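Here the structure comes first, spelled out in structure tokens, and everything after it is commentary.
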Amino acid sequence: MTGSEVKKMKSEEIGIELKRLRERLYQLRCQTISEKVEDNSQFKKIRKDVARLMTERRTRLSAGAV
């Protein structure tokens, strides 16, 4: 997911995507306990996507308050 893709999303979509990515991150963490994770780079990718979404959400909230 790129920054331009995030900017095109609606606020509701950002919330839904954040929830989905956080659930996926939780599943990966649980998977590391019970079995071997095939692609460890998924952790970094998901965390970066979450950060992008949260940054855009915060930007929109700040812009709306001004």
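Numbers for the structure displayed
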| read-out | value |
| --- | --- |
| Vicinal HN-Hα couplings computed from phi for segment 45-50 (Karplus, 6.51 cos²θ - 1.76 cosθ + 1.60; Hz; Gly/Pro x) | 4, 5, 4, 5, 5, 4 |
| HN-Hα J in Hz across segment 28-41 - Karplus 6.51, -1.76, 1.60, θ = phi - 60°, x for Gly and Pro | 5, 5, 5, 5, 5, 6, 8, 7, 7, 8, 6, 10, 5, 5 |
| For segment 10-65, size of Cβ-based charge dipole, Lys and Arg +1, Asp and Glu -1, in debye | 220 |
| Computed lengthening from TYR26 to GLU13, 0.36 nm per intervening residue step minus Cα-Cα distance | 2.7 nm |
| For segment 10-65, Kirkwood radius (reciprocal of mean inverse C-alpha pair distance, Å) | 12.4 |
| Mean ellipticity per residue at 222 nm, deg cm²/dmol - from DSSP H runs of n ≥ 4 across the chain, formula -39500 (n - 2.57) | -28500 deg cm²/dmol |
| Estimated distance in nm for a label pair at LYS36 and LYS48, the labels positioned 7 Å out from Cα along Cα-to-Cβ | 2.5 |
| For the chain, built as a Gaussian network whose Cα springs stay under 10 Å, the top-fluctuating residue of GLU23, GLU35, GLU13 | GLU35 |
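Readers should treat all values here as calculations from the given coordinates under stated rules, not as data from a laboratory. Computed from a predicted model, the values in this text were never measured in an experiment. Methodologically, a virtual Cβ is constructed for each residue, glycine included, from the backbone with ideal geometry; neighbour enumeration extends over all protein chains shown.
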